[in-house]
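Okay, so here's the structure we're looking at.
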Amino acid sequence: METLEQIKNRCELAARGAKVEIVANPGPSQQSSLLIDNEHAVPVARFLRDHPALSFDFCSNVTGVDWLDRVAKKTAKVKQVVDGVEKEVDQTTEEKIPGYLEAVYHLYSIKLKHGPLIIRLRTENRADGTRLPSLTPVWRSAELQEREIFDLYGIVFDGHPDLRRILMWDEFKDHPMRKDYVQPDDFEWEPTPHDEVLERAKQHYTSRPQLDGAEKITAPQS
Amino acid sequence: MSEQIDENLRSELQRQGVWVTSMQELYNWGRKNSIWPLQFGLACCAIEMIATAASRYDIARFGGEIFRPSPRQADLMIVAGTVTKKMAPQIVRLYNQMPDPKYVISMGACAISGGPFKQGYNVLKGIDRYIPVDVYIPGCPPRPEALLHAFMELQRKIDNQKLSGSEKAEFLKPEQPSEFPVPAFGDHDLNPPANPKVYHPPKLERQS
């Protein structure tokens with residue numbers, strides 16, 4: 001398979017005005033991905049599928065990612081004059097990154113036996129701008145998985161042939177895989193609670209009606 | 001019918017070739033040895049239930065007989081597996097369609113409490129939130145022997161049911177409902193999340 005740089009350049013040449021960005025993955029898997037802008041996602045995807053040197057004809061997996069608002073800290077060496085002497089000082093700058101949702105597609109080529117190529121689409125924000133173009137017209141195998149992302153993350157895929165909830169019922173209003181999802185309160189019987197479940201279960205506790213005095217006994221001070 | 005015959009007299013009569021029994025005993029004997037379970041499975045517990053019904057364990061030896069594909073022909077509902085919130089209304093509806101007397105075995109950790117999936121947003125924390133359960137089987141999944149044991153426990157329970165008097169079986173009391181409200185799909189959860197007339201969780205007395 002060609003390198004990501006080469007594929008990125010090919011994409012930008014093929015679809016005029018397309019902005020493709022490499023999202024580096026510093027982890028052990030080294031699976032870096034291509035972030036494609038929403039406007040040109042469908043032509044770029046069609047190009048990736050149809051170009052004879054690439055021919056990514058199989059979309060094996062589609063999934064969603066929820067990114068909350070976060071603060072990125074950057075440290076940079078800055079030359080400063082301290083007490084008349086020029087020194088290199090670490091300066092941390094904080095950058096606020098607003099949250100967004102992502103759809104991640106894993107592509108393989110059955111014909112050329114290469115892959116995976118990972119492409120991402122990113123929504124504007126997490127509240128009202130959660131629309132993305134659907135890649136189901138390009139890869140039919142994305143249909144059910146885009147429905148699943150719609151169900152669990154709330155991304156609306158424009159151009160999807162049959163966008164309905166798939167796991168939860170149609171009347172359901174929430175998106176359970178979002179990080180700020182709060183479960184309904186059915187914690188009245190939790191025999192062995194811990195962590196968040198303990199906090200939720202505590203609201204259902206009744207206080208002991210009678211205390212036998214044992215709770216006041218403390219270890220003798222030595 | 002409600003008068004108990006003296007055990008010594010009965011065995012003495014039996015020795016003389018006279019078989020004495022009561023209507024209640026005969027009725028319960030017939031019922032407990034011909035329990036037709038409803039044929040449906042929800043998850044991996046269903047595989048164990050299938051094994052129990054097949055030749056090696058053979059629940060028919062105990063009167064489990066044939067699994068019926070229709071709730072209208074079944075006496076026993078074996079809730080075998082994880083009950084998701086999307087599936088729960090259908091389970092209650094199937095239970096409502098079964099004729100009285102009917103019994104429920106809650107098989108495996110999931111059907112009892114939600115089991116390993118208890119904290120999931122999509123899993124019902126026990127089928128006893130909506131329908132009354134007669135026998136609970138712990139295990140994940142329980143072995144076929146455990147299901148057979150639960151089945152024999154249920155037979156013992158049926159054998160001890162009274163047909164008359166103040167302690168008569170629940171299904172003979174006219175005020176006892178044989179159908180329970182089917183929960184509706186709500187905006188955030190099932191509506192209601194539990195039937196308070198059926199579900200009585202133990203109160204935890206702890207310092208909060």
(request) Kindly state, to the nearest 0.05, the FRET efficiency for A:Glu95 paired with A:Arg131, given R0 = 30 Å and r defined as their beta-carbon distance. (result) 0.70
(message) Once you place label points 7 Å from the Cα toward the Cβ at B:Leu204 and A:Asp69, how far apart are they in nm?
(response) 3.3
(request) Report the net charge of residues surrounding B:Val135, where surrounding means a beta-carbon distance below 11 angstrom and charges are Lys +1, Arg +1, Asp -1, Glu -1. (result) 0
(message) Testing the spin-label approximation: label points 7 Å from Cα along Cα→Cβ at B:Arg10 and A:Thr192. State their distance in nm.
(response) 4.4
(request) Translational diffusion coefficient, Stokes-Einstein: compute it for region A:18-93 using the Kirkwood radius over C-alpha pairs as Rh, at 25 °C and 0.890 mPa s, and state it as an integer in µm² s⁻¹. (result) 145
(message) I want the local charge near A:Leu34. Using Cβ-Cβ distances under 13 Å, sum +1 for each Lys or Arg and -1 for each Asp or Glu among the other residues.
(response) -1
(request) Quick one: angle between helix A:41-50 and the longest Cα principal axis of chain A, in degrees between 0 and 90, rounded to 10, please. (result) 60
(message) Can you tell me what percent of all Cα-Cα pairs in region A:88-152 are more than 20 Å apart?
(response) 46
(message) What do you get for the angle between helix B:88-97 and the principal long axis of chain B? Use alpha-carbon atoms, 0 to 90 degrees, nearest ten.
(response) 30
(request) Within 10 Å of each Cβ in peptide A:186-199, how many partner chain Cβ atoms are there on average? Round it to a whole number, please. (result) 4
(request) Measure off 7 Å from each Cα along the Cα-to-Cβ vector at A:Tyr181 and B:Lys168, then give the distance between these two points in nanometres to one decimal. (result) 5.0
(message) So, R0 is 41 Å and r is the distance between the beta-carbons of B:Asp187 and A:Asn38; what FRET efficiency does that work out to, to 0.05?
(response) 0.90
(message) At a 10 Å Cβ-Cβ cut-off, how would you order A:Met1, B:Met107, fewest neighbours first?
(response) A:Met1, B:Met107
(message) I'd like the orientation of helix B:23-32 relative to chain B: the angle between its Cα long axis and the longest Cα principal axis, in ° from 0 to 90, rounded to 10.
(response) 40
(message) What FRET efficiency comes out for B:Arg72 versus B:Lys197 if R0 is 30 angstrom and r is the Cβ-Cβ distance? Round to the nearest 0.05.
(response) 0.80
(message) Charges on Cβ only, +1 for Lys and Arg, -1 for Asp and Glu, centred on the Cα centroid of region A:92-222; of A:Gln221, A:Ser141, A:Pro161, which one is farthest towards the dipole's positive end?
(response) A:Ser141
(message) Eigenvalues of the Cα gyration tensor times 5, then square-rooted: what semi-axes does that give for region B:34-172, in whole angstrom, largest first?
(response) 23, 19, 14
(request) Output ³J(HN,Hα) for region A:142-155: one whole-Hz value per residue in order, computed from phi by the Karplus curve 6.51 cos²θ - 1.76 cosθ + 1.60 with θ = phi - 60°, and x for Gly and Pro. (result) 7, 4, 5, 6, 5, 5, 5, 5, 4, 5, 8, 10, x, 7
(request) Would you mind computing Rg(Cα) / (2.2 N^0.38 Å) for region A:150-222, counting N as its residues? (result) 1.98
(message) With 10 angstrom as the radius, rank B:Met49, A:Met177, B:Met152 by how many other C-beta atoms surround their C-beta, starting from the fewest.
(response) B:Met152, A:Met177, B:Met49
(request) Please check which bits of region A:37-67 a label hung off A:Ser29 would reach, taking the label as a point 7 Å along Cα-to-C-beta and the cut-off as backbone N under 15 Å. (result) A:60-66
(message) How much of the pair distance distribution for chain A lies past 32 Å, counting alpha-carbon pairs only, in percent?
(response) 43
(message) Cross-link candidates for A:Lys79: which lysines have Cα within less than 17 Å, leaving aside residues fewer than 8 places away along the same chain?
(response) A:Lys87
(message) Debye calculation, C-alpha points only, no solvent: report log10 I(q)/I(0) for the protein assembly as shown at q = 0.14 Å⁻¹, in the same order as the q values.
(response) -1.24
(message) Taking the number of other C-beta atoms within 10 Å as the exposure measure, put A:Leu198, A:Leu101 in order starting with the fewest.
(response) A:Leu198, A:Leu101
(request) Give the cross-link partners of A:Lys96 among the lysines, using a straight C-alpha distance below 24 Å as the criterion and excluding same-chain residues fewer than 8 apart. (result) A:Lys19, A:Lys73, A:Lys74, A:Lys77, A:Lys179
(request) Taking each pair of different alpha-carbon atoms in region A:1-60 once, compute 1/r for the pair, average those values, and report the inverse of that mean as the Kirkwood hydrodynamic radius in Å to one decimal. (result) 12.0
(request) Can you check what the net charge comes to around A:Asp57, using other residues whose Cβ is under 15 Å from the Cβ of A:Asp57 (Lys, Arg +1; Asp, Glu -1)? (result) +4
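FYI, it's all coordinate maths here, none of it is from the lab. On a predicted model such as this, the values are computed, not experimentally measured, just so you know. All Cβ positions, even for glycine, are placed from backbone atoms using ideal geometry, and neighbour counts span all protein chains on display.
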